[in-house]
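Following: one structure in C-alpha cells, then a few remarks.
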Amino acid sequence: MAELDLLRFLAALAVVAFHYLVAYASVWGDRPAELFPPLAPLAGLGILGVELFFIISGFVILMTVWGRGLGSFARSRLVRLYPAYWLSLGAVAALYGLTGAKALDPKLSPGEYLLNATMFQRLFKITDASGVYWSLWAELRFYLLMAILVIIGVTYGRVLAFAGVWLAAALAVKLLARAEVFDNAVVTEIVMPDYAPYFVAGMGLYLIHKHGNSWLPWLYVIAGYGMSIDSALARVHRRIDAAGFKNMPVTDTSVIITITVIFALMALAAIGILRLKPSKTLTALGGITYPLYLFHGVVAVALIPALTGHLPPWAVATTATLVAILLSYLVYAFAERPIQRILKPRGRTRTPTAPAVQMEKASVP
C-alpha cells in the first residue's frame, strides 16, 4: 500500500513544518510564527501529523499481528522501533555533550540518557531526551495492549470486541475525568483516552480493508472520528494556552477540517479508492519517515542558529528541512536497514503475503 508510505511521509513533513515554523522559538531565538506569518496558520496544523501516525499505526499494527504469535510480534516491533531510536538518542546526547548547543536541551544526566534508551523513561517520570519521543510512549502502550489481543488470538470477532471495549473505556474515562468524578493516573495511562480513538479508528479501517464493508467497523471509525475531534481540539488549545494565539494561530474550524481530511484520506485508502502504484520513490519516502521524525529536532538545533543572520528565515528553514530529509535517508539506507537485517530472524514459519511485507515496512511512527 504505497499510499500509506506517502501519507506517513506527509505526516512527518507536517510535524517538521510545525516545529520549524511555529514551535521552535528557542532554536530561532524568536517566535517562528512572527518570522513566517503567512505560513504559520497552516504550519500550526502540522501538530496533527502525529494523529495521522496513530491512525496509520492502528491500521498497520493490526495487519502485522494477524496470524502472528506473541514472540514474532514483539521481535518485529523491537527491530522496527529501536535501531533508529538509539541512533537518534546518541545524536541528541552528542549534540548537547560535545557542543555548546542550548536550545531544547533536556538537561539529562548520563543515567537518564541510559534510561531513555529503554523508551520507558516516562514510566519513571524521566524527561524525554527529545520532545518527539512522547508519541513513542503512546505507541508502546498501544503495542502492549495489542500483545494482549495476540495472546487471546486475533480474529475478526475478537478484534471487534477488543476495539469496542477500548473505545468505550476511553470515552468513559474522558467523560468521568471531565466531570471531575474520576482521576486515576494508572487507568488513564493504560486506556489513553486522548489517543485511543485514533488507534481504534485505524483498526476499524483495517477490518474494512481486509473483510469488506460492514456497519460495525464503520461505527468504530465514525465514533473514533467524533472523539478525535474533541482530543485534537483539546491538544491544540493546550498549545495555544501555553504560547498564545499569536504564536499558535490555529482556529477550531481548521482543526476540525484537518481531522476530517485525515480520516477521509485513510478511509479512501482502506476501501481502495486512494491507491498508488508502488515505486522505489514511495518506498524510500516511507522508509525515511521514522528517521525524519526522530532527527529533525537535532538538525534544527545544530543548523538553524548557525544559519540565522546569514540567510533569510525562509532559506534557513528550507535548508534545515532538506538537510533533515537527506540525513534521514542516510540513516535509513546505511544504518537502520542494515541493523534491521542483522536483527531480523533468519527463518520464518510463516511466509507473509506481498501486501503484508509492504505494510510491515510501513509501520509507524
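Scanning the range 164-184 for residues that are under 15 Å from S228 (Cα atoms) and either open to solvent by less than 40 Å² (accessible area, probe 1.4 Å) or without any contact (Cβ under 8 Å) to a residue 24 or more places away in the chain (or both) returns W166, L167, A168, A169, A170, A172, V173, K174, L175. Among the conditions (1) touching a helix residue (DSSP H, G or I) at 6+ places or on another chain (Cβ under 7 Å); (2) within 27 Å of W28 (Cβ to Cβ), G90 misses just one, which is (1).
Say we look at the range 114-145 and pick out the residues that are part of a helix (DSSP H, G or I) and touching a residue at least 60 places away in the same chain (Cβ under 8 Å); which of these is surrounded by the fewest Cβ atoms within 10 Å (Cβ to Cβ)? The residue in question is G131.
For the range 1-29, filtered to residues that are under 14 Å from L42 (Cβ atoms) and within 13 Å of the chain's Cα centre (by Cα), the residue that is surrounded by the fewest Cβ atoms within 10 Å (Cβ to Cβ) is L10. Residues in the range 30-55 that are touching a Ser or Thr at 6+ places or on another chain (Cβ under 9 Å), open to solvent by 30 Å² or more (accessible area, probe 1.4 Å) and modelled with pLDDT of 95 or more: P41, L42.
Of T253, T349, T319, all but one fail to be exposed (fewer than 13 other Cβ atoms within 10 Å of the Cβ), farther than 24 Å from H209 by Cβ and modelled with pLDDT of 95 or more; the exception is T253. Reported count of residues in the range 41-83, each being more than 14 Å from the chain's Cα centre (by Cα), assigned to a helix (DSSP H, G or I) and farther than 15 Å from T258 by Cα, is 16. Condition check: assigned to a helix (DSSP H, G or I), touching a Phe, Trp or Tyr at 6+ places or on another chain (Cβ under 9 Å), modelled with pLDDT under 95 and charged (D, E, K, R). Does R8 satisfy that? So R8 fails the test. The set of residues in the range 146-163 that are open to solvent by less than 50 Å² (accessible area, probe 1.4 Å) and not aliphatic (A, V, I, L, M) comprises G153, G157, F162. Checking L282, L326, L330 one by one, the residue that is in contact (Cβ under 8 Å) with a residue 60 or more places away in the chain and part of a helix (DSSP H, G or I) is L282 and no other. The condition (being closer than 25 Å to A196 by Cβ and surrounded by fewer than 19 Cβ atoms within 10 Å (Cβ to Cβ)) is satisfied by just one residue among L62, L87, L70: L70.
Residue check: is G224 assigned to a helix (DSSP H, G or I), over 24 Å from D194 (Cβ atoms), small (G, A, S) and touching a helix residue (DSSP H, G or I) at 6+ places or on another chain (Cβ under 8 Å)? No, not satisfied.
On the basis of being open to solvent by less than 10 Å² (accessible area, probe 1.4 Å) and closer than 29 Å to F295 by Cα, does P110 make the cut?
no
Cβ-Cβ distances below 8 Å connect the following pairs, each with a first residue in the range 190-208 that is more than 14 Å from M266 (Cα to Cα) and assigned to a loop (DSSP other than H, G, I, E, B), a second residue that is among the hydroxyl-bearing types (S, T, Y) and open to solvent by less than 10 Å² (accessible area, probe 1.4 Å), and a separation of six or more residues or different chains: P193/S231; D194/S231; Y195/S231. Once the range 233-250 is narrowed to residues that are in contact (Cβ under 8 Å) with a residue 24 or more places away in the chain and open to solvent by 50 Å² or more (accessible area, probe 1.4 Å), the residue that is nearest to Y24 (Cα to Cα) is R239. All of (1) modelled with pLDDT of 95 or more; (2) within 29 Å of L87 (Cβ to Cβ); (3) surrounded by fewer than 22 Cβ atoms within 10 Å (Cβ to Cβ); (4) more than 20 Å from the chain's Cα centre (by Cα) hold for P278 with one exception: (1).
The values are calculated or read from the model by the stated rules, or taken from the named source; none is laboratory data. Keep in mind that what you see is a predicted model, and the values were worked out from it rather than measured. Neighbour counts run over all protein chains shown; Cβ positions are idealised from the backbone, glycine included. For the accessible areas, the whole protein counts, side chains as well, though only heavy atoms, and no ligand, DNA or RNA atoms are used. Shrake-Rupley method; radii C 1.70, N 1.55, O 1.52, S 1.80 Å.
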